[in-house]
1. Name the pairs: first residue in the stretch 139-152 and within 12 Å of T172 (Cβ to Cβ), second residue aromatic (F, W, Y) and not in a loop (DSSP other than H, G, I, E, B), Cβ to Cβ under 9 Å, at least 6 apart or on different chains?
2. Collect the residues in the stretch 21-34 that are assigned to a helix (DSSP H, G or I) and modelled with pLDDT under 80, keeping them in residue-number order.
3. Anything in the stretch 170-221 that is of a type in the set (K, R), closer than 17 Å to V112 by Cβ and more than 12 Å from the chain's Cα centre (by Cα)? List them, or say none.
4. Criterion first (farther than 30 Å from L306 by Cβ, assigned to a helix (DSSP H, G or I) and among the charged types (D, E, K, R)) does R121 satisfy it?
5. Would you say V293 is in the same structural domain as R192 (by TED's automatic domain parsing) and not basic (K, R)?
6. Filtering the stretch 268-316 down to residues that are more than 19 Å from N213 (Cβ to Cβ) and acidic (D, E), which residue is surrounded by the most Cβ atoms within 10 Å (Cβ to Cβ)?
7. Taking F82, is it more than 14 Å from the chain's Cα centre (by Cα), part of a loop (DSSP other than H, G, I, E, B), within 27 Å of G283 (Cβ to Cβ) and not hydroxyl-bearing (S, T, Y)?
Amino acid sequence: MTKEAISKEASSPSDGSATPPSVEAFDHGKHRSTYEKVYNFFGFTKAYNFPIYVIFAGAMVGYVLHALQFYNYDQILSINMFPGNWYYFHSGLYRVGILLHIIGCLPAGLLVVLQFTPSVRHWNIMLHRINGYIIMTLYLVGNIGASIALRHLDDGTGTDIQTAKAMLIIMTTTSMVLAYWNIKCLQIDQHRAWMIRAIFLFGSIITSAVIDNIAAVIISKIGTYYQVWSCDRIDFLYKQFGFNGILEEKYPQCLVPNGTLDGMVVVKAIHTVLAPESAGASGTVPFGMAMWVSIMLHVIGVELYLKLTPREAERLRQVSYERQLAAGFKNPGNAGLVVSRFGDADEWKPKAV
């Protein structure tokens with residue numbers, strides 16, 4: 001098999017199909033349904049995974065397009081954060097961290113959709129590779145920014161939010177590093193698996209926002225959840241929203257010497273426009289829970305998807321073998337993170353080239 005043929009085979013879709021799409025796959029008569037024409041247009045040759053692509057790519061694009069307004073940092077992002085968070089992010093190192101986070105993650109969220117659109121890979125495999133390097137760089141920049149802002153990211157004053165965010169940063173960064181290492185080893189099947197894991201985990205932010213909004217309504221209705229805030233933070237928030245002279249009325253202990261413990265007071269978590277600190281608390285109290293549930297759902301979901309697409313993994317394992325064989329690898333087909341190298345799986349047998 002020539003290198004050109006191998007390269008063409010490697011660029012075929014990772015959508016669960018066993019063979020790359022041919023001319024016949026895109027035009028096999030006038031009896032194709034409208035739905036079939038649509039998913040063929042995007043490069044898919046199977047109907048079952050196009051809805052998955054639409055749901056998750058659509059959610060990613062919608063979320064990013066909505067969040068692009070946050071590049072207007074001081075005017076728009078400041079009033080769209082949970083009330084009280086601007087206290088931490090209006091200046092200093094935390095401001096730098098959150099700016100790096102949105103500068104890296106938002107454009108990467110748009111570009112990543114191209115990576116999982118088969119027709120783009122069919123059109124230009126070099127574009128797929130260059131775009132992949134750009135996405136990995138942008139996401140790493142975003143993770144660096146999130147690490148800088150971790151102490152108060154999404155009001156991460158509690159260890160539940162901090163550990164969830166830290167775990168997400170570690171998991172996505174590790175997945176991208178392993179995806180990069182595997183593609184350098186020409187282990188395309190493992191590169192696919194680790195990139196899918198990385199991007200799917202990044203998407204857990206969207207799921208966590210949905211869960212948090214639902215939980216915030218429930219917590220507000222219950223009305224017996226509380227959070228500890230500093231007097232300085234509440235005072236800053238009141239001035240931000242023009243609530244002058246309210247601090248001494250609602251939290252007089254903040255103005256009394258030794259009236260609080262380290263300048264902290266208890267805030268009731270209930271959504272109301274009359275108390276922005278309570279509205280902020282109602283969204284941040286359940287956020288740690290929302291993050292952990294979201295991460296769990298996405299970890300289970302991505303592993304389930306990978307288990308349900310074994311033919312695509314096997315096809316790419318064969319392509320990996322052929323490319324490694326052509327490149328002169330000592331043990332072609334087993335250069336990356338394959339199970340047979342580390343576990344008790346049966347030895348993988350390549351098909352005849």
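1. That search, which allows pairs on different chains as well, returns Y139/F202; G142/F202.
2. If the condition is that a residue be assigned to a helix (DSSP H, G or I) and modelled with pLDDT under 80, then V23, E24, A25, F26 are the ones that fit.
3. Selection gives R192 alone.
4. Numbers: farther than 30 Å from L306 by Cβ: no; assigned to a helix (DSSP H, G or I): yes; among the charged types (D, E, K, R): yes.
The answer is no for R121.
5. Here the answer is yes, as V293 does meet what is asked.
6. The residue in question is E312.
7. Yes; evaluated as a whole, the condition is true for this residue.
Residues are listed down the side, and each one gets a yes or a no for (1) surrounded by fewer than 23 Cβ atoms within 10 Å (Cβ to Cβ); (2) touching a Phe, Trp or Tyr at 6+ places or on another chain (Cβ under 6 Å); (3) aromatic (F, W, Y); (4) closer than 23 Å to W86 by Cα:
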{"residue": "I125", "(1), (2), (3), (4)": "yes, no, no, no"}
{"residue": "G132", "(1), (2), (3), (4)": "yes, no, no, no"}
{"residue": "I144", "(1), (2), (3), (4)": "yes, no, no, yes"}
{"residue": "I170", "(1), (2), (3), (4)": "yes, no, no, no"}
{"residue": "T173", "(1), (2), (3), (4)": "yes, no, no, no"}
{"residue": "C185", "(1), (2), (3), (4)": "yes, no, no, no"}
{"residue": "I196", "(1), (2), (3), (4)": "yes, no, no, no"}
{"residue": "A216", "(1), (2), (3), (4)": "no, no, no, yes"}
{"residue": "Y225", "(1), (2), (3), (4)": "yes, no, yes, yes"}
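The values are calculated or read from the model by the stated rules, or taken from the named source; none is laboratory data. Because the structure is a prediction, the values reported are computed rather than measured. Note: ideal-geometry Cβ built from the backbone for every residue, glycine included; neighbour counts use all protein chains shown.
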